Amino acid sequence: MRIDLQLHSRYSDGYYTPAQLVRFLVRHGIKAASLTDHNTIAGQVEFRKACAQHKIKAIPGLELYVRYKRRTFNVLWYNYNPAAPELIKMLESTWVRRRRFAEKVAGRLRRLGIKFNLERFIAEHPGYLPANHLADLIWQKSANRRLIKEALKLEIIREEDIMRYCLFPKVGARLQDAHVSFTRVLKLRKQIGGQLIFCHPGLNNKMRGTLLDELLKAGLDGVELLSPHHGHNTIMYLNALIKRGRLISSGGSDFHKPGDEGVRPRYSWDWFVIKSEDLPGVNKILDNKK
C-alpha cells in the first residue's frame with residue numbers, strides 16, 4: 001500500500017492547503033497519509049475531512065522541534081489525542097517563543113532598511129511562523145530586493161540567500177526554532193498516546209554519538225527510514241537497527257511543494273516510492289497499536 005507519513009501544508013512551511021494537499025495525494029495513489037506540520041496541529045481537521053472524502057486513511061501527525069541533553073532534533077508524533085489541552089498548551093508556548101524571535105528579527109531588519117508587515121504575517125500564521133513564507137514576503141517589495149542584492153552582491157538571489165541574510169545571520173537576531181524538552185514530550189505521550197519517531201535522523205548527522213541509543217532507552221518508538229534526506233548507506237544502516245531492535249519504521253516524502261515544470265525529479269515520488277510493505281513495524285502507526 002502506498003503511504004506518506006511526512007507532509008507539510010500552509011499551516012507550517014508547506015505551500016498547499018490541507019485540502020489541496022489531499023487532492024495531490026489522490027493523483028499519486030496514496031492510501032494512507034499524515035499531515036506533519038511543524039509545531040502545530042491547526043490543519044488536522046481540514047486534512048482529515050479531505051482524506052475522508054477521497055477514502056485516504058488520515059493519521060494524526062505532528063513534527064516537533066525537540067531538545068534532549070543539549071542536542072536538538074525533530075520527532076514525528078503520530079496518533080496523539082488532538083483535543084488534549086496539555087498538547088495545545090505546549091504547542092501554543094512554542095508559537096509565542098517563535099513570535100518573540102520574529103519580532104527581534106524584524107527590529108534588526110528595520111535598522112537595515114528592510115520593511116514588511118510582521119503583524120499581518122503573524123495573523124495569517126496563527127500556529128507556526130514559517131521562515132520560507134516570511135522570506136517570500138520580504139522579497140515581494142522591490143525596495144527590499146534592491147537592498148538585499150546590494151548587500152549580497154549577487155546577480156541571482158535564491159530563497160536560501162534571502163533566509164541566510166535576513167533570518168539566519170551569523171551575527172544578530174535569528175528566527176530560531178522553538179524547541180520542546182523531549183522528556184516533557186515523553187511524559188505527555190503517556191497521557192495522550194501515540195508513537196514517537198526520530199525524524200530524518202540521517203540529516204545533518206543527527207545520529208552521531210550515543211543519542212539514538214539514549215532516546216530509545218528513554219522511550220522513543222522508532223526512526224524514519226525512507227526519507228528524501230537519506231542516501232542508500234543511511235537507509236541500509238537504519239534498516240539493520242530497526243530489525244535488530246524491532247523498532248517502528250516510518251517513511252515520508254517531506255513534501256512542501258511541487259518542483260518547477262520540466263525539471264526532474266519533480267517530486268520525491270519520482271525517485272522512490274514509499275510502501276507500507278517496506279517499513280517494518282509501520283502498521284503500529286497505521287493501526288495505532290502499541
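What are the pairs with Cβ atoms under 7 angstrom where one residue, in the stretch 1-17, is within 22 Å of V273 (Cα to Cα) and the other, located anywhere, is among the acidic types (D, E) and at pLDDT below 95? Sequence gap at least six, or different chains.
So the pair list comes out as Q6/D254.
Of all the residues that make up the stretch 153-162, how many are part of a helix (DSSP H, G or I) and surrounded by 14 or more Cβ atoms within 10 Å (Cβ to Cβ)?
Summing the residues that are part of a helix (DSSP H, G or I) and surrounded by 14 or more Cβ atoms within 10 Å (Cβ to Cβ) in the stretch 153-162 gives 2.
What number of residues within the stretch 90-108 are of a type in the set (D, E) and closer than 25 Å to Y165 by Cβ?
Summing the residues that are of a type in the set (D, E) and closer than 25 Å to Y165 by Cβ in the stretch 90-108 gives 1.
When the residues of the stretch 213-247 are narrowed to those that are surrounded by 23 or more Cβ atoms within 10 Å (Cβ to Cβ) and among the acidic types (D, E), which ends up farthest from F198 (Cα to Cα)?
D221
Name the residue that is nearest to K257 (Cα to Cα), counting only residues in the stretch 1-15 that are surrounded by fewer than 21 Cβ atoms within 10 Å (Cβ to Cβ) and out of contact with any Ser or Thr (no Cβ under 6 Å at 6 or more places or on another chain).
Within the stretch 1-15, the match that is nearest to K257 (Cα to Cα) is Y15.
Looking at R244, is it modelled with pLDDT of 95 or more, more than 15 Å from the chain's Cα centre (by Cα) and basic (K, R)?
no
Quick check: is even one residue across the stretch 108-124 assigned to a helix (DSSP H, G or I), of a type in the set (D, E, K, R) and either under 30 Å from K217 (Cα atoms) or in contact with a His (Cβ under 9 Å, 6 or more places away or on another chain) (or both)?
Yes: the stretch 108-124 contains one or more residues that are assigned to a helix (DSSP H, G or I), of a type in the set (D, E, K, R) and either under 30 Å from K217 (Cα atoms) or in contact with a His (Cβ under 9 Å, 6 or more places away or on another chain) (or both).
Output the residues belonging to the stretch 10-30 that are out of contact with any strand residue (DSSP E or B) (no Cβ under 6 Å at 6 or more places or on another chain) and in a loop (DSSP other than H, G, I, E, B).
Within the stretch 10-30, R10, Y11, D13, G14, Y15, Y16, T17, H28 meet the criteria.
So the check is Cβ under 9 Å with 6+ separation or different chains; which pairs have a first residue in the stretch 184-211 that's in contact (Cβ under 8 Å) with a residue 60 or more places away in the chain and at positive phi and a second one that's of a type in the set (D, E) and crowded, with 18+ Cβ neighbours inside 10 Å?
Once the first residue is in contact (Cβ under 8 Å) with a residue 60 or more places away in the chain and at positive phi and sits in the stretch 184-211, its partners that are of a type in the set (D, E) and crowded, with 18+ Cβ neighbours inside 10 Å give G194/D221; H200/E224; H200/D254.
Return a yes/no flag: does the stretch 255-274 have any residue that is modelled with pLDDT of 90 or more, of a type in the set (S, T, N, Q) and buried (at least 18 other Cβ atoms within 10 Å of the Cβ).
no
The values are calculated or read from the model by the stated rules, or taken from the named source; none is laboratory data. Predicted, not measured: the structure shown is a model, and the values here were computed from it. Quick reminder, even Gly has a Cβ in these numbers, built from the backbone with ideal geometry, and neighbours come from all protein chains shown.
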